[in-house]
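Novice: Please find one structure pasted underneath; my questions will follow.
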Amino acid sequence: MNSTQHRDAEQPEQNSHGDASPVLQMRGITKSFGPIRALSGVDLDVRAGEVLAVMGENGAGKSTILKILSGEHAPSSGSINLEGEDRTFSSPFEAKAAGIRVIYQEPEILDDVSVAENVFIGSIPRHARFVSRHEVIAETQAVIDRLGFSSAISPTTLGSNLSPAQRQLVEILRALKDDSVAVIAFDEPTSSLSEHEVEALFAFIARLRASGTAVIYVSHRMKEIAEIADRVAVLRDGQSVFASLMSDTDESEMVRNMVGRDVFGAFDRDHTEAGEVVLEVKELTTADVSNISFHVRAGEVVAFSGLVGAGRTELAKALAGDAEILSGTISIAGEVKKLRSPIDAVRAGIGLAPEERKTEALVMTRSIKENISLVVLNSLTRARFVRRGLESGLVADYMKRLRVRAGSMDQEVKTLSGGNQQKVVVARWLARKPKVLILDEPTRGVDVGAKADIYRIIGELAAEGIAVVVISNELIEVIGLADRILVMRGGEIVGEVARADATEQNVLTLAISDSLDLPTNSGNVALEGTS
Amino acid sequence: MTISTGSPSPTQIAPPEDKSGAKSELSFASKFVARVGAQNLSLIVALIVLAAAIGSQNANFFSLPNMQVIGEGVAILGVLAVGQTVIMLLGGLDISVGSQAGLASVVSAMVFTSSGSAIFGMAVAIVVGAVAGLVNALIIVYGRVNAVIATLATFAAYRGVVNLVSNGSAQGYTGGDDVFTFLSLGKVAGIPVLILVFLVIAALVYTMLTFTDIGRNIYAIGGNKVAARLSGLRINKYVIGAYMLMGVIAAIAGILLTARTGSGQPTSGSQGLELQVITAVALGGCALQGGKGSIIGTVLAVILLGVLTNGLQILGVNSFWQDIAQGTMLVIAVVIQQRRRGTRAVGLPD
């Protein structure tokens with residue numbers, strides 16, 4: 001361990017040659033969250049004056065590696081070498097002091113104060129305890145001018161009046177207001193930017209590169225990466241699987257390296273002949289999704305794939321009556337249903353096991369029994385008194401059927417493992433005998449054994465004639481479970497893949513490809529050349 | 001470690017990966033704690049310790065007449081605390097309970113005086129209470145006003161209404177009426193009616209919370225309102241219902257107040273009750289975030305507070321100390337609760 005560091009002596013401008021040794025070397029970075037291993041032995045090098053693109057499927061570990069770099073998480077093992085010295089960052093403050101900046105996708109902006117105060121938050125120049133508004137604005141203007149954004153943002157604009165691009169700009173100004181920056185990382189920076197804003201960002205990144213800063217660029221967008229990156233590194237299942245100069249690789253090689261996760265569970269189930277159409281959605285539009293049309297037949301499992309933020313969870317919420325429907329219709333068994341609230345959806349026979357189990361599905365301080373009987377309780381009463389024998393019998397049946405492992409049905413659900421909690425949520429809806437069951441990330445935070453149980457249960461439910469909708473970030477799960485796969489991007493369905501044709505590669509390509517870009521997808525960069 | 005292999009029960013046939021299965025084998029002591037609840041058990045222990053401490057200083061403490069004094073002293077507080085428990089289980093709060101009780105007290109006495117019918121006076125008071133509760137609920141649900149702010153506002157406003165209609169002074173004389181006298185001095189099976197009313201209301205609300213779907217849904221809404229909404233529960237109906245129930249219960253407390261004092265009291269006897277009520281409910285183990293708590297805990301806490309007040313009185317402690325003790329109890333109760341939740345000490349609590 002080195003002792004004292006002297007960052008002031010280390011100006012990034014010193015490393016102005018692209019072929020110098022890496023500014024940042026991350027070696028064997030491993031990170032576990034409880035039993036879940038998010039990263040295992042990731043290596044990452046960035047040189048001064050280059051842009052390294054980091055790619056990977058949802059959950060491949062991209063965000064985790066950035067959080068380790070920014071000091072937000074401490075790695076379980078591995079080393080970080082910055083400008084020739086081994087460093088450990090025990091807080092974001094230390095990483096920042098060492099010259100590392102991470103620009104996150106959704107910056108924290110205070111709505112009621114100016115850009116200037118947002119930029120200097122936490123370090124507003126002051127004399128004794130008095131703040132000079134003039135000085136803050138002048139200093140912010142200086143930073144804006146230095147970085148070349150004079151036409152894009154004014155230091156006096158209020159936070160609440162900023163466009164998504166300007167919000168990101170504030171984050172960039174914050175990051176670069178003091179000039180000792182060695183490494184800067186962008187986490188999917190273009191997701192909310194329009195085309196010319198993307199161009200402005202790229203011009204800025206090019207300037208950073210020219211000034212000798214090492215840039216890490218995390219993105220799903222092939223075209224952007226082709227335009228901006230010098231090298232690419234691919235993560236899969238928390239491991240580094242591929243690294244190459246951009247000039248030596250192409251899109252299909254990158255995608256091939258992103259997919260190919262190990263198959264662990266068995267997805268075998270009888271794909272019975274699908275029955276009548278149960279759920280039919282026509283041109284559904286809400287604040288978050290637009291023009292969604294699809295159907296699910298009885299006995300069918302339809303999976304939604306797509307990147308995080310593609311609008312799948314928002315679609316699920318709309319189907320559960322928890323989002324305002326602006327236009328379009330939802331029909332159950334041929335009958336149009338007006339879903340003004342979840343009450344209507346429950347009545348129509350739609351059940352949702354939401355993605356956020358603990359905060360949106362379970363009453364953590366109550367028992368397994370009370371959580372399972374929640375939506376059928378009024379049918380288990382006589383003169384409003386709960387018929388306890390009836391309730392216990394029903395709960396015991398579903399616990400047995402779904403193999404909920406617990407000491408007793410009176411145990412609080414917060415004492416259960418993730419897998420058993422998920423089974424409780426599914427049991428709740430099964431007790432209601434739904435026509436449509438929507439499972440949003442049913443195996444998130446679930447151990448391998450319980451995952452296999454949940455796959456088996458999904459197969460059984462379909463076999464019983466329930467129309468099952470599964471939303472999952474795990475491609476292998478989507479392909480293994482679904483009869484049909486619908487791929488979403490930017491709030492719209494961009495493609496359908498039948499079970500027989502589904503491969504991780506073609507599903508992922510649909511989810512990330514810019515080649516099918518739609519007019520509403522704002523991140524399209526006019527650059528041809530990659531296939 | 002030399003514990004023999006025989007420690008897991010031979011009847012335990014759960015597979016080894018079933019970690020939670022081990023919990024079904026509990027010692028008698030932990031089963032007892034689980035059944036009664038750690039919160040209730042600590043209240044009982046505190047009650048015993050407190051009673052022993054006071055009784056050792058003054059043997060009269062344990063006398064039957066003193067027990068009756070304690071019981072009658074806590075009856076009104078207890079009735080209000082039972083209503084407040086329902087509100088707090090939903091994750092709400094009602095600061096206006098004392099003002100509502102004062103309003104009902106004056107209304108019951110004034111209507112009785114002008115109509116000559118005690119029952120009619122009480123009925124009108126109860127309707128007024130229900131309306132006061134409804135107003136609270138409508139402000140909270142449809143005005144989207146935080147429950148603390150909303151009921152702090154009506155706490156002042158309802159007090160203003162009472163003082164306006166009563167001119168700020170006691171109204172009517174109910175001491176000569178049989179029904180009011182029965183409430184204040186009557187006994188059924190040797191138990192004072194005042195205490196009985198408290199126990200009956202506690203038993204009814206306990207039954208509602210424990211045995212009916214309404215109670216279950218109240219716990220579910222307080223425990224996780226998103227989950228409750230996605231499960232199709234009509235949350236607004238429950239919030240409105242709970243505040244109206246609180247209003248009715250506050251009216252009953254006001255009627256008892258009228259009966260005890262022999263006239264409609266705009267402020268005396270009900271002012272400051274909100275602090276005691278919230279202290280009792282928090283002390284009884286109701287989580288301020290909702291979803292956690294019980295009537296049994298609340299009743300035990302009410303008794304504990306009654307014993308404390310009585311003890312300080314018979315030991316001749318300056319009554320200003322009682323206010324300090326009350327405030328301290330509330331803080332301690334909530335600090336213990338938050339410690340149990342394990343929240344980090346950063347910024348304002350949620």
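Novice: Please work out whether region B:230-350 counts as rounded, prolate or oblate from its C-alpha gyration tensor, where a ≥ b ≥ c are the square roots of the eigenvalues and a/c under 1.5 means rounded, while otherwise a/b larger than b/c means prolate and anything else oblate?
Specialist: oblate
Novice: Another question about this same structure. Below 12 angstrom from the Cβ of A:GLU496, what's the summed charge of the other residues (Lys, Arg +1; Asp, Glu -1)?
Specialist: Overall, the nearby charge balance is 0.
Novice: Moving to a separate point now. Counting only heavy atoms of the protein chains, get the accessible area per residue of the protein assembly as shown (1.4 Å probe) and round it to a whole Å² value.
Specialist: For the protein assembly as shown, the solvent-accessible area averages 44 Å² per residue.
Novice: 7 Å from Cα along Cα→Cβ at both B:LEU47 and A:ALA142: what's the point-to-point distance in nm?
Specialist: 7.0 nm
Novice: Next question, about the same structure. Does any residue of region A:404-430 lose at least 50 Å² of accessible area with all protein chains in place compared with its chain alone, and if so which ones (probe 1.4 Å)?
Specialist: So the qualifying set is A:ARG405.
Novice: Return the percentage of antiparallel bridges among DSSP beta bridges fully within the protein assembly as shown, rounded to the nearest 5 %.
Specialist: Around 60 percent antiparallel, to the nearest 5.
Novice: Follow-up. Report, in deg cm²/dmol and to the nearest 500, the calculated mean residue ellipticity at 222 nm for chain A, where each DSSP H run with n ≥ 4 adds -39500 (n - 2.57) and the sum is divided by the residue count.
Specialist: -8500 deg cm²/dmol
Novice: In the full protein assembly as shown, how much of A:SER247 is accessible to a 1.4 Å probe, in Å² to the nearest 10?
Specialist: Approximately 100 Å² of A:SER247 is accessible to the 1.4 Å probe.
Novice: I want to check the label-to-label distance for A:HIS134 and A:ASP248. Put each point 7 Å from Cα in the C-beta direction and report it in nm to one decimal.
Specialist: 5.8 nm
Novice: What does the convex hull of the alpha-carbon atoms of the protein assembly as shown project to on average, in nm²?
Specialist: Taking the Cα atoms of the protein assembly as shown, their convex hull projects to 46.4 nm² on average.
Novice: Nearest 500 deg cm²/dmol is fine: what mean residue ellipticity at 222 nm does chain B get from its DSSP H runs of n ≥ 4 alone, each adding -39,500 (n - 2.57), divided by its residue count?
Specialist: -23500 deg cm²/dmol
Novice: Now for a different question. Compute the Cα gyration tensor for region B:75-272, then decide on rounded, prolate or oblate, letting a ≥ b ≥ c be the square roots of its eigenvalues: rounded whenever a/c is under 1.5, prolate when a/b is larger than b/c in the other cases, and oblate in all that remain. Let's see the in-between values first.
Specialist: Numbers: a/c = 2.55, a/b = 1.51, b/c = 1.69.
Here region B:75-272 falls in the oblate category.
Novice: Next up: Kirkwood hydrodynamic radius, computed over distinct alpha-carbon pairs, for region A:277-502: how many Å, to one decimal? Walk me through the numbers on the way to the answer.
Specialist: Details: mean 1/r = 0.0564 Å⁻¹.
Every distinct Cα pair counted, the radius reaches 17.7 Å.
Novice: Whenever you get a sec, line up B:LEU305, B:LEU41 from highest to lowest accessible area (probe 1.4 Å, protein heavy atoms).
Specialist: Descending order: B:LEU41, B:LEU305.
Novice: Follow-up. Can you give me the % of accessible surface on region A:128-287 that is carbon or sulfur? Probe 1.4 Å, all protein chains present, nothing else counted.
Specialist: Ligands and nucleic acids excluded, carbon and sulfur reach 49 percent.
Novice: A:GLU94 accessible area, nearest 10 Å², 1.4 Å probe?
Specialist: Roughly 70 Å² of A:GLU94 is accessible to a 1.4 Å probe.
Novice: Roughly how much accessible area, to the nearest 100 Å², goes out of reach of solvent when A and B pair up, both sides summed, probe 1.4 Å?
Specialist: Protein heavy atoms only, the A-B interface buries about 2600 Å².
Novice: Okay, moving on. Projecting each Cα onto the charge dipole of region A:277-502 (Lys/Arg +1, Asp/Glu -1 at the beta carbon, about the Cα centre), which of A:MET409, A:VAL308, A:LEU437 comes out farthest on the positive side?
Specialist: A:MET409
Novice: For region A:221-241 and region B:163-178, what is the separation of their Cα centres, given in Å?
Specialist: Measuring centre to centre over Cα atoms gives 81 Å.
Novice: Using 0.36 nm times the number of residues separating A:SER123 and A:ARG403, minus their current alpha carbon distance, what extension gain do you get?
Specialist: 95.3 nm
Novice: Measuring from a point 7 Å past the Cα of B:VAL69 along Cα-to-C-beta, which residues in region B:173-212 have an amide N at less than 20 Å?
Specialist: Only B:184-187, B:191-196 pass the distance filter.
Novice: Spin-label point model (7 Å from Cα, Cβ direction): what's the A:SER91 to A:HIS196 distance in nm?
Specialist: Each label point lies 7 Å from its Cα, and together they span 4.3 nm.
Novice: Another question about this same structure. Sorting B:TRP321, A:TRP429 by accessible area (1.4 Å probe), largest first, what list results?
Specialist: In descending accessible area the options line up as B:TRP321, A:TRP429.
Novice: What is the gain in length, in nm to one decimal, between A:ALA333 and A:SER32 on full extension, counting 0.36 nm per residue of separation less the C-alpha to C-alpha distance?
Specialist: Full extension of this stretch gives 103.8 nm more.
Novice: Using unit Cβ charges (K, R positive; D, E negative) and no other charged atoms, how large, in debye to the nearest 20, is the dipole of region B:75-272 about its Cα centre?
Specialist: The calculation lands at about 540 debye.
Novice: Out of the total accessible area of region B:75-272 (probe 1.4 Å, heavy atoms of protein only), what percent is carbon and sulfur? Walk me through the numbers before you get to the answer.
Specialist: Details: 4940 of 7170 Å².
Reported share for carbon and sulfur atoms: 69 percent.
Novice: Note every residue of region A:372-401 with a reduction of at least 30 square angstrom in accessible area, all protein chains present versus the isolated chain, computed with a 1.4 Å probe, or write none.
Specialist: Flagged in region A:372-401: A:LEU374, A:LEU377, A:ARG384, A:PHE385, A:VAL386, A:ARG388.
Novice: Considering only DSSP beta bridges where both residues belong to region A:78-199, give the percentage that are antiparallel (nearest 5).
Specialist: Within region A:78-199, antiparallel bridges account for around 60 percent of the total.
Novice: Given a 1.4 Å probe and heavy atoms of the protein chains only, how would you sort A:GLU324, A:GLU135, largest accessible area at the top?
Specialist: Details: A:GLU324 145, A:GLU135 55 Å².
Most to least solvent-accessible, the answer reads A:GLU324, A:GLU135.
Novice: How many angstrom lie between the Cα centre of region A:28-42 and the Cα centre of region A:157-173?
Specialist: 34 Å
Novice: Taking the alpha-carbon centroid of each part, what is the distance from region A:409-462 to region B:229-305 in angstrom?
Specialist: About 38 Å separates the Cα centre of region A:409-462 from the one of region B:229-305.
Novice: Additional query: With every protein chain left in place and a probe of 1.4 Å, what is the accessible surface of A:SER240, to the nearest 10 Å²?
Specialist: We get 50 Å² for A:SER240.
Novice: Once the other residues with Cβ under 10 Å from the Cβ of A:ARG297 are scored (Lys, Arg +1; Asp, Glu -1), what is the net sum?
Specialist: With Lys, Arg at +1 and Asp, Glu at -1, the neighbours total -4.
The values are calculated or read from the model by the stated rules, or taken from the named source; none is laboratory data. Just so it is clear, the structure is predicted and the values come from calculations on it, not from any experiment. Note: ideal-geometry Cβ built from the backbone for every residue, glycine included; neighbour counts use all protein chains shown. Accessible surface is based on the protein model in full, side chains and every heavy atom, while ligands, DNA and RNA are left aside. Shrake-Rupley method; radii C 1.70, N 1.55, O 1.52, S 1.80 Å.
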